[in-house]
Amino acid sequence: MASVTNATSTNVELQQQVEELQRQLADSESRIRAFLSLAQDMFCCLEFDPPVPTHLPVQDQAAMMLSARVADCNTAFADLCGADGPEQLRGSRYVSLVGTTSATLIERAQRFVRSGYCVNSVHNTDRLRDGAVRHFVSSSRGEIQEGKLVRGWVTFRDVTYQTLIETAAEHGEEALCRTAAQLDSAFWIMDWHNFKSLYTGPAIEQRWGISPEQLQSDPMCWLERIHAHDRQRVRDAFLTHAATSGFDETFRVCLPDGSVTWVRDRCFPVPGATDDQLRVVGLVQDVSELHRAQTGLSSLFKVSTEMLFVMDLQGRLQEVNPVMTQALGYDSDTLIQLALPDLLHTGEQSAGRQVLSQLASGKPAVAVSSRFLRKDGTVCHVEWNAAPVSDDGLIYAAARDIASELSDHNRRSRQNAATARLERLSPRERQILDMVVTGKASKVIAHELGLSRRTVETHRANLMKKLRLNTTAELVRLSLQATD
C-alpha cells in the first residue's frame, strides 16, 4: 500500500515539474516571438497537415503542400494579409491568404522540393487579393521528421519599390522621376556623379521643412535636420555606402515645429544607360511607432529574469542582456566578442555547432540543454530556445538557468527511475550486477558463486539486455544512480 502511495506522490511531483517546464518554455517562446514580431521582413511558419511524405513524386508532394496552414507569423506578414494581428491568421490555410494562383503555388512548391526543401533569395511577383502587384525576395526552409515534411519556414522581403525603380531607370531620367512620384511621396533621387538632387518627394518637404530648391543648391542640407547624436554616423554611412552596397539607417530627425521623430532612410544605386550615369534612389519612412515598440522590447530585454541574447548565423554574439552577464560573470563588451561555441563546455562544442547549422538552415531550436562556462570556469546548466530570421541574418535566443532542476528532487526522481529498472532483474542477475560494478571479472564472479564462467556471461548478457545498456560504464552509472 505504501509503495502505491509513494508512486502516486512521485507521479504528482513529476506532473507538476512537467507543467512548470512547459510554463517556462512558453515564457521563452513568447520572448522569441516578441523579437520576431518586430522584424521588418515578413515571416511565417507553415504546418503541413497531413505531413508530406518525401518519397512521393515531386508533383504529388507539391499538391499536398497546398493544404499548409499558418502555425505562426509576425506582424509584418499579418499586415500583408490584411489581418489585425498574427493571432487572426494562425490555423488559416495559406492559399486562402494570398492572391497567387494554385498553379503558381504548385510550381513554386515543386521548385522547393527539387531544391532539397531549401530555397534562398528567390524573386517572385505576386498579385495580392486587393489586386496590387508586389515583388518579393523570399527564402524557405523545410523541416523533415521521419521522412515527412512537417513544416516550412518562409521569410519575405518586399522589393516592389526597388524593382519598379530599376525598371523605370532603363527608360530614362524622366520615367524614373515619374515612377518615384507615383510610388511614394517620400522618395528622393540623386545624380551621384554630379552630386545633385534630381527629385524630392513632397512628403520630405512637408515633414522635414526642406524645399527642393534647398536640396538643389546643397544636396546634403538634409543632414542639418538630423539629431546631433546621429548626424556623424548617418553622414559617414551615406557617403561610404549609398552608391555601392546601399544605405539603410534609422535615426532621429528634428522637425521645424521642434518635435523629434524617428525615420528609416534606405537607398540603393541604379546604374544609368552609360558608365558615367549613376543615380541613387532613396525612400524615407517614419518609424516612430516601431521605435517605441522596440524601446518597449529593449526594456523587456533589460528586466527579463532569463538570459536573452542575439547571435549572427555563425553564433557570434551581437547583444546580451544584464541577466546573461551576471549569470556568466562577464561584462557585455567581453561577451559580444565571443561566439556561442566559446561559451560551451568542451564536450558540447560540436553539438553546439550542429545546432547553429540547424538554425542557419532556418529551423528553430527548442529546449536545447547545454553547459555554459562562466568566466571563473564553473559550469552553468541552461536550457535555451532560439529562432532565426533568415533575411535579418540574426538568431534570437532565450536561455534559463536550470541548476535548481538538478537539485535533490531531480536526484530522487532519477534514483526512483534507476531502482525501477533494476527491479526487472532476477535475484541471480542482481547478485552478478552488484559484483560487476565492484570491478570483478566474470572469472572471479564464477569462482565466488560456484558457477561456470559461461553461465556468468549469459547472466551478464541477459541483464544488459533487460536494462537496455551497452557498456559496463553505463551499468555502473545506473547502479550509482539507484544508490545515490
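Here, each number is a calculation from the coordinates, and none is a lab measurement. From a predicted model like this one, the values you see are computed outputs, not experimental measurements. Here the Cβ is made from the backbone with ideal geometry for all residues, glycine too, and neighbour counts use every protein chain on show.
Electrostatic bookkeeping for residue 256 treats Lys and Arg as +1 and Asp and Glu as -1; over the other residues with beta carbon under 12 Å from its beta carbon, the sum is -1. With the simple model of a label 7 Å out from the Cα in the direction of the Cβ, residue 414 to residue 426 spans 3.1 nm. All other residues whose Cβ lies under 10 angstrom from that of residue 224 are scored, Lys and Arg at +1 and Asp and Glu at -1, for a net of +1.
Gain on full extension, evaluated as 0.36 nm per residue between residue 474 and residue 54 minus their Cα-Cα distance, stands at 147.5 nm.
Calculate the FRET efficiency for residue 236 and residue 378 from the Cβ-Cβ distance with a Förster distance of 56 Å, rounded to the nearest 0.05. Efficiency, from the Cβ-Cβ distance: 0.85.
Gain on full extension, evaluated as 0.36 nm per residue between residue 257 and residue 466 minus their Cα-Cα distance, stands at 67.2 nm. Take the Cα of residue 288, step 7 Å toward its Cβ, do the same at residue 95, and the gap between the two points is 4.5 nm.
For residue 102 and residue 192, FRET efficiency with R0 = 51 Å and r from the beta-carbon atoms, rounded to 0.05? If you can, show how the numbers build up before the last one.
Numbers: r = 44 Å, r/R0 = 0.87.
FRET efficiency, residue 192 to residue 102: 0.70.
The calculated FRET efficiency for residue 250 paired with residue 144, based on their beta-carbon distance and R0 = 35 Å, is about 0.40.
Loop-resident GluC sites (Glu not before Pro) (DSSP state other than H, G, I, E or B) in segment 422-481 with no more than 13 further Cβ atoms inside 10 Å of their Cβ: 423. For residue 465, a cut-off of 22 angstrom between C-alpha atoms picks up these lysines, skipping any fewer than 8 places away in its own chain: 440, 443.
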